[in-house]
Amino acid sequence: MCEETSAKQKVEISESVMSKNDRFAAENRKILRGRGLYTLNLISSPGAGKTTVLESMARYFGGRMAVIEGDIQTRRDAERIERAGCQAWQIETGGACHLDAHAVNHALGHMDLDSDELSLLAIENVGNLICPSGYDLGEDMRIGLLSVPEGDDKVLKYPSLFSTVDVLIINKMDLIPHLDFDVDRAIEECRSLNPDVNVFTVSARTGEGMEEFCGFVESGFLRNTG
Amino acid sequence: MHEMSLAMDMTRIIGEALGRKAPLERVNITIGPLSGISAESLRFCFTEIARMEGFGEPELVINHTEARLLCLECRTEYEVADFYQGCPECGSISRRILSGREFTVDSVEIDEDSE
């Protein structure tokens, strides 16, 4: 350590560690836009209700939506989506705690995306509030889903995610009477990271608020396709 | 635990930049508070991966940046690593994030004698 004798060489690199993922994300975006698909990246902790939200969306959008499911293991979630009426492709990460743009690129190669009716691709990320936040998948809309049993203090505990979401969904609103979750606090703290965030309070189980949210997504892809 | 795959990305980037594998003395990186990375976990993973990938046992030097924010109430620009802190001028948490997501490999130092 103290030998400053000779040939020490410093090599400047200055490269973002996410650059490879970001290149795949750009390619995905090109493929998806080329097929007229509007893409969602749905991120939450495990058990917040991502798949239940997607089942509810499947009933609203039907054959207009396809879904990529990300899980550590099992095709269970893809089967739930198929039963609800949409094409689903399951990515089993085998341990990885997030989806990356390369995995999504690979999934796109396996899916039937040629239907004229298809205009929406929803990607359900692996349940995790930290790791997925740094990985752009090529989405048009990033959605952070928070369920009320998790507590109203979660937003500022996970700023790397909630500072990047276009939409905050607060789910399981049917449980609010039994909990101390302060909805206004969660919204205010999310706006403190992200003043432009759109907020929806829903219960995917009862359907409360889902039509309003689906209408918002629909206006996004209708605007996209002109 | 995505730090393991990030550590592998780091060695790939270093290998591509150098065009070869060489025992490194030091690796300098920058991490922002919104990168979602645990520095200690990354340090642990990188130490293992660097050794396995033929880059020796470099010291990982982490430059922790703060996030730069713009207060939307009084337009003060300020820096924080902890998002519970409001604006130092007016206390508001109404703000826009200007930076803080950095995660870069900045440079590496090689001791040619040790090769």
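Just so it is clear, none of the values below were taken in a lab; they were calculated from the coordinates. Just so it is clear, the structure is predicted and the values come from calculations on it, not from any experiment. Positions of Cβ are generated from backbone atoms using ideal geometry, with glycine treated the same way; all protein chains shown enter the neighbour counts.
Quick check on the protein assembly as shown: helices-only [θ] at 222 nm, where DSSP H runs of length 4 and up contribute -39,500 (n - 2.57) each and the sum goes over total residues. Nearest 500, please. Walk me through the numbers before you get to the answer.
Numbers: 10 runs with 111 residues, N = 341.
Dividing the helical sum by the residues of the protein assembly as shown leaves -10000 deg cm²/dmol.
If you take each beta carbon of peptide B:100-112 and count the beta carbons of other chains within 10 angstrom, what is the mean? Working shown, then result.
Details: counts 3, 7, 2, 4, 7, 7, 4, 5, 5, 4, 5, 6, 4.
That average works out to 5.
Say a site is exposed when it is one of the GluC sites (Glu not before Pro), sits in a DSSP loop, and has at most 12 other Cβ atoms within 10 Å; what is then the longest site-free stretch of chain A?
It works out to A:5-116.
To the nearest whole number, what is the average tally of beta carbon atoms from other chains within 10 Å of the beta carbons of peptide A:12-24?
That average works out to 6.
What number does the stretch B:3-110 give for Rg over Rh if you use C-alpha atoms and the Kirkwood radius?
With Rh from the inverse mean 1/r over Cα pairs, Rg/Rh is 1.13.
What fraction of the Cα pairs in the stretch A:147-226, stated in percent, has a spacing above 22 angstrom?
29
For the stretch A:74-150, take every pair of Cα atoms, bin their distances at 5 Å starting from 0, and report each bin as a whole percent.
Bin by bin from 0 Å, the calculated values are 3, 12, 23, 26, 22, 11, 3, 1.
Answer with one residue from A:Val165, B:Pro33, A:Thr206: the one whose Cα lies farthest towards the positive end of the charge dipole of the protein assembly as shown, charges on Cβ with Lys, Arg +1 and Asp, Glu -1.
Highest projection toward the positive end goes to A:Thr206.
So if I average 1/r over every pair of distinct C-alpha atoms in the protein assembly as shown and take the inverse, what Kirkwood radius in Å does that give?
Computed over Cα pairs of the protein assembly as shown, the Kirkwood hydrodynamic radius comes out at 21.6 Å.
Which angle from 0 to 90°, rounded to the nearest 10, does the C-alpha axis of helix A:101-110 make with the longest principal axis of chain A?
50
Please give the peptides B:91-100, A:37-46 ranked by average Cβ packing (other Cβ atoms within 10 Å per residue), highest first, as a rough proxy for protection.
A:37-46, B:91-100
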